[in-house]
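Trainee: My structure is below; once you've seen it, I'll send some questions.
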Amino acid sequence: MQANRLTISEIQAGLKGKTLTCESLARQYLDAIQKHNPDINAFLSIDPDQVILDAKASDQRLNSGGAMRELEGVFAGIKDNIHVHGMTTTCASKILKGFSPVYEATVVKRLREAGAIIMGKLNCDEFAMGSSNENSAYGPVKNPLNRNLVPGGSSGGSAAAVAAGFCTVALGSDTGGSIRQPASFCSVVGLKPTYGTVSRRGLVAFASSFDQIGPLALCVEDAMLVHQVISGKDNQDATSLTHTPKWTPLKKDTGSLADLVVGVPEEFMGEGIDKEVSEAMDQTIQNLKKMGARVVSVSLKLVNRCLPVYYILSSAEASSNLARYDSVRYGPRLHEGGNLDDLYLKNRSLGFGAEVKRRIILGTYVLSEGYYDAFYLKAQKMRTLIRQDFDHAFTQCDVLLTPTSPFPPFSLGAKTEDPMAMYLADICTVPVSIAGLPAISIPVPRTTNQLPVGIQLITPALKEDQLFTYAQAMEVMLKGNHL
Ligand code: GLN
């Protein structure tokens, strides 16, 4: 196996057994990036010399008897809406071209303290708004599994980088599905943690009551290891919780899922779900039953309200969060001259792409006097009811199983002209974001010529430990069961 396809435990076994050095690993990732990134376009910025220096420093530490830290030998790519010291944060927007943050995100600091090496910044949809990574001002990302297809979005660069062997793990951000959906399109694992478990300090805000940072990785264990490092209280984020996840295996023998009750929301099994995705779901359910799990049908009856609720609330928050980009305080001045109003108007018109403008207009509209009660307030009330829908479903099961996306990855350009068709990509992921719950997408292995499909597991809030256990058991099961 090529070293740039190794999981964290394999890397650390190699470092311990002296069959691998951080420097040799760094060179393999950098080679893969040099060869394939010009076409795949996952990394927007990278400093290869710094990566080699950091790798040599890790080797030196280990050679002089330093202990193996949790993420020793792990090379992490960071979505370009999360601040990294010494690198630009563009949010894949022209309005932030060349912007250098003055501090580093808490999650990045924690990765470094645990021994990880930061590879560089990853492409995404502009300000994390999109489902195909085609809204980047720096060009689309291609799916490494089939370069005619989109990698999903908005963390398309993060998913593609892991799938292409450019880094061991990546951080993405998930507001309505942006970690899970690209993970499913690129056949990797993606976790959206419970809202509040991971610090948002240093994450550029899109919709603050939804945004969470989480890992994309080659396997469930790697996602869990990264999550353990980045989560936990941060005094610089008032919404961060003290909770730290623990790893508690469900059963010693992961071949059995006896006693587990899996709920399948009936709303995700019928109309609107592609045949390939339904087949993958059916196969997964059969396998779960074989492993002793009880599979029950449950209902999330408000699912068909989730897209409007999400797009009203997230756009309202975005319109307020993005008001700060006026080309005075951050980013380049794209237009000079005229009075102050002209300066704001012209710079914002030139700096933002079409999708971001659409969200700002929508968000401003739903917050405006006369429409606030009809849209924003109503959507907030619906948010409570949707949460209650999940609470009710969890009285009948331990974990929910749904597809991650209603369809497999589509061709580049197929949905760019139709925003509503693009928004439908989020139908399975936004309900979870509205309720603030944790969810993980794991790939369903397919024969090589078939399109990637991911399944999503959801647990009640703060039950990441159980989520990981179920997901790992299913990963073991799925590995032996190609469709
Ligand atoms: N695709 C969704 C949107 O465009 C989700 C984005 C996200 O999670 N950042 O809003």
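Read-outs throughout are calculated quantities, based only on the coordinates presented, and are distinct from any laboratory measurement. All values reported here derive from a predicted model rather than from experimental measurement. Positions of Cβ are backbone-derived with ideal geometry, glycine not excepted, and every protein chain shown enters the neighbour counts.
Trainee: Any chance segment 32-51 includes a residue that's basic (Lys, Arg) and within 26 Å of the chain's Cα centre (by Cα)?
Mentor: Initially, segment 32-51 is screened for residues basic (Lys, Arg), giving 35.
From what's left, within 26 Å of the chain's Cα centre (by Cα): 35.
Checked against the condition, which is being basic (Lys, Arg) and within 26 Å of the chain's Cα centre (by Cα), segment 32-51 yields at least one hit.
Trainee: Please enumerate the residues belonging to segment 140-157 that are in contact with a helix residue (DSSP H, G or I) (Cβ under 7 Å, 6 or more places away or on another chain) and part of a helix (DSSP H, G or I).
Mentor: Hit for segment 140-157 is Gly156, nothing else.
Trainee: Within segment 271-325, which residues are assigned to a loop (DSSP other than H, G, I, E, B), in contact (Cβ under 8 Å) with a residue 12 or more places away in the chain and not basic (Lys, Arg)? Let's see the steps before the verdict.
Mentor: Going through segment 271-325, the residues assigned to a loop (DSSP other than H, G, I, E, B) turn out to be 271-274, 291-293, 299-302, 325.
Checking the rest, the ones that are also in contact (Cβ under 8 Å) with a residue 12 or more places away in the chain come to 272-274, 291-293, 299-302, 325.
Of everything in segment 271-325, those that are assigned to a loop (DSSP other than H, G, I, E, B), in contact (Cβ under 8 Å) with a residue 12 or more places away in the chain and not basic (Lys, Arg) turn out to be Gly272, Ile273, Asp274, Met291, Gly292, Ala293, Ser299, Leu300, Leu302, Tyr325.
Trainee: Also: Here's a check for you: in segment 430-457, which residue that is in contact with a Ser or Thr (Cβ under 7 Å, 6 or more places away or on another chain) and closer than 15 Å to Tyr195 by Cβ is surrounded by the fewest Cβ atoms within 10 Å (Cβ to Cβ)?
Mentor: So the first thing to find is which residues in segment 430-457 are in contact with a Ser or Thr (Cβ under 7 Å, 6 or more places away or on another chain), and the list is 433, 436-438, 441, 443-444, 452-456.
In the following step, the residues that additionally are closer than 15 Å to Tyr195 by Cβ were identified as 433, 436-438.
Details: Ser433: 27, Gly436: 19, Leu437: 23, Pro438: 27.
Ranking the qualifying residues of segment 430-457, first place goes to Gly436.
Trainee: Taking the criterion of being among the hydroxyl-bearing types (Ser, Thr, Tyr), surrounded by fewer than 15 Cβ atoms within 10 Å (Cβ to Cβ) and farther than 15 Å from Ala316 by Cα, would at least one residue in segment 342-359 satisfy it?
Mentor: Just the residues of segment 342-359 that are among the hydroxyl-bearing types (Ser, Thr, Tyr), to begin with: 344, 349.
Next, from what is left, pick out any that are surrounded by fewer than 15 Cβ atoms within 10 Å (Cβ to Cβ): 349.
Of the ones still in play, those that are also farther than 15 Å from Ala316 by Cα are 349.
Within segment 342-359 (the criterion being among the hydroxyl-bearing types (Ser, Thr, Tyr), surrounded by fewer than 15 Cβ atoms within 10 Å (Cβ to Cβ) and farther than 15 Å from Ala316 by Cα), the answer is yes, since at least one residue qualifies.
Trainee: If a residue must be in a loop (DSSP other than H, G, I, E, B) and either buried (at least 24 other Cβ atoms within 10 Å of the Cβ) or on the phi < 0 side of the Ramachandran plot (or both), how many such residues does segment 219-244 contain? Can you show your working first?
Mentor: Here is the first cut: in segment 219-244, the ones in a loop (DSSP other than H, G, I, E, B) are 219, 232-244.
After this cut, where a residue has to be either buried (at least 24 other Cβ atoms within 10 Å of the Cβ) or on the phi < 0 side of the Ramachandran plot (or both) as well, the list is 219, 233-244.
Matching residues across segment 219-244 total 13.
Trainee: Suppose the filter is crowded, with 24+ Cβ neighbours inside 10 Å and closer than 24 Å to Ala163 by Cα; does Leu467 pass it? Working first, answer last.
Mentor: Working: crowded, with 24+ Cβ neighbours inside 10 Å: yes; closer than 24 Å to Ala163 by Cα: yes.
So Leu467 fits the description; yes.
Trainee: Any idea how many residues of segment 418-434 are part of a helix (DSSP H, G or I) and near the ligand (Cβ under 8 Å from one of its atoms)?
Mentor: Of the residues in segment 418-434, the ones part of a helix (DSSP H, G or I) are 419-426, 430-434.
Right, trim to near the ligand (Cβ under 8 Å from one of its atoms) and you get 422-423, 425-426, 430, 433.
Qualifying residue count for the region: 6.
Quick grid of which residues meet (1) more than 27 Å from the chain's Cα centre (by Cα); (2) among the β-branched types (Val, Ile, Thr); (3) closer than 23 Å to Cys124 by Cβ:
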position: Gly337; (1), (2), (3): yes, no, no
position: Tyr344; (1), (2), (3): yes, no, no
position: Val356; (1), (2), (3): no, yes, yes
position: Gly363; (1), (2), (3): no, no, yes
position: Leu367; (1), (2), (3): yes, no, no
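Trainee: So is Ser349 within 30 Å of Ser100 (Cβ to Cβ), more than 16 Å from the ligand (Cβ to nearest atom), hydroxyl-bearing (Ser, Thr, Tyr) and part of a helix (DSSP H, G or I) or not?
Mentor: So Ser349 passes the test.
Trainee: What's the number of the only condition in (1) touching a Pro at 6+ places or on another chain (Cβ under 6 Å); (2) in a helix (DSSP H, G or I) that Leu451 fails to meet?
Mentor: (2)
Trainee: Name the residues in segment 162-196 that are away from the ligand (no atom under 15 Å from the Cβ) and under 23 Å from Ala238 (Cβ atoms), would you?
Mentor: Listed by number, the residues that qualify are Thr194, Gly196.
Trainee: In addition: Quick check on my filter: what residues within segment 197-218 are under 25 Å from Ala471 (Cα atoms), under 14 Å from the mean Cα position of the chain (by Cα) and either more than 16 Å from the ligand (Cβ to nearest atom) or not in a loop (DSSP other than H, G, I, E, B) (or both)?
Mentor: Correct list: Val198, Gln212, Ile213, Gly214, Pro215, Leu216, Ala217, Leu218.
Trainee: Only residues that are more than 30 Å from Leu424 (Cα to Cα) and in a loop (DSSP other than H, G, I, E, B): list them for segment 111-139, please. Step through it out loud before you land on a result.
Mentor: Restricting attention to segment 111-139, the residues satisfying the condition of being more than 30 Å from Leu424 (Cα to Cα) are 111-120.
Scanning segment 111-139 gives Ala114, Gly115, Ala116.
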